[in-house]
1. So if R0 is 22 Å, what FRET efficiency would V38 and V15 give, r being the distance between their Cβ atoms, rounded to the nearest 0.05?
2. Across the chain, where is the longest run that never hits trypsin sites (Lys or Arg not before Pro) in a DSSP loop with at most 13 other C-beta atoms within 10 Å?
3. Using just the C-alpha positions of region 14-105 as equal point scatterers, what log10 of I(q)/I(0) does the Debye formula give at each q in 0.11, 0.17 1/Å?
4. For the chain, what is the charge dipole size about the Cα centre, in debye to the nearest 20, if Lys and Arg each add +1 at the Cβ and Asp and Glu each add -1 at the Cβ?
5. Through the Karplus equation 6.51 cos²θ - 1.76 cosθ + 1.60, θ set to phi - 60°, convert the phi angles of region 48-61 into ³J(HN,Hα) values in whole Hz; use x for Gly and Pro.
6. Stretch E158-F138 to full length: gain in nm at 0.36 nm per residue minus the Cα-Cα span?
7. Assuming R0 = 30 Å, what is the FRET efficiency of L151 and L22, from their Cβ-Cβ distance, to the nearest 0.05?
8. Once label points are set 7 Å from the Cα along Cα→Cβ at both T30 and W56, what is their separation, rounded to one decimal in nm?
Amino acid sequence: MVRWVKRLTTTVNIVFLFAFFLYGRTGIATVGGVVNLVWAFDERLPSSIRRFLRVWALMINTAFLAYGAFSGVPSTLALFLAGSSLLSWNAGLFLERWGDAPLTIQYQYLRQLGTRVALGLLAGLSAATLQGHVTLFFLPVFLLMSAAGFLWLRIISEALKNRNPG
């Protein structure tokens, strides 16, 4: 399951990077798309190359999204590229350490990781909204704030439930 999430998020990275074509950044889209395509199907590569590729793919995605954000690409595109890059990087780390984990462990890991990524994306969207880059009407703001509050309460309740007294 984690392997498919990694493949899906690296494919999403390619889509976000190819959106840079719309803003005249063809080199970024091409190089980033090729690196992420190799990263999506890196299981057949030796482990040393896989580790090297994972780190460089995250660094390339980060550098490209920073360059894009500074050169006029919408900050929401950079935000979602950062979220999907971190999600695929964490999924790759999980696969490297526990490649044959049971499905229950994989689901638990993906649920926790998804919660954290969703909180980060909601925080990034709220920051972009506060800066005036994104204009939201009442209903989307209400839904975003409700989702963020629900996720925050869920994290707090899980932390309190798992707290070891003593």
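1. Working: r = 16 Å, r/R0 = 0.72.
Given R0 = 22 Å and the Cβ-Cβ separation, E is 0.85.
2. Numbers: sites that count: R44, R163.
In the chain, the maximal stretch lacking such sites is 45-162.
3. Cα-only, vacuum Debye calculation for region 14-105: -0.33, -0.71.
4. Numbers: 14 positive and 5 negative charges, 57 e Å.
Once rounded to the nearest 20, the dipole reads 280 debye.
5. In residue order, the calculated couplings are 5, 5, 4, 5, 4, 5, 4, 5, 5, 5, 5, 5, 5, 4 Hz.
6. Working: separation 20, 0.36 × 20 = 7.20 nm, distance 3.00 nm.
Extra length available between E158 and F138 comes to 4.2 nm.
7. On the way: r = 31 Å, r/R0 = 1.04.
Between L151 and L22 the formula returns 0.45.
8. 1.8 nm
Every read-out reported here was derived from the displayed coordinates using simple, explicitly stated rules and does not represent laboratory data. The model shown is predicted, which means the values in this text are computed figures rather than measured ones. Cβ atoms come from the backbone with ideal geometry, glycine included; neighbour counts cover every protein chain shown.
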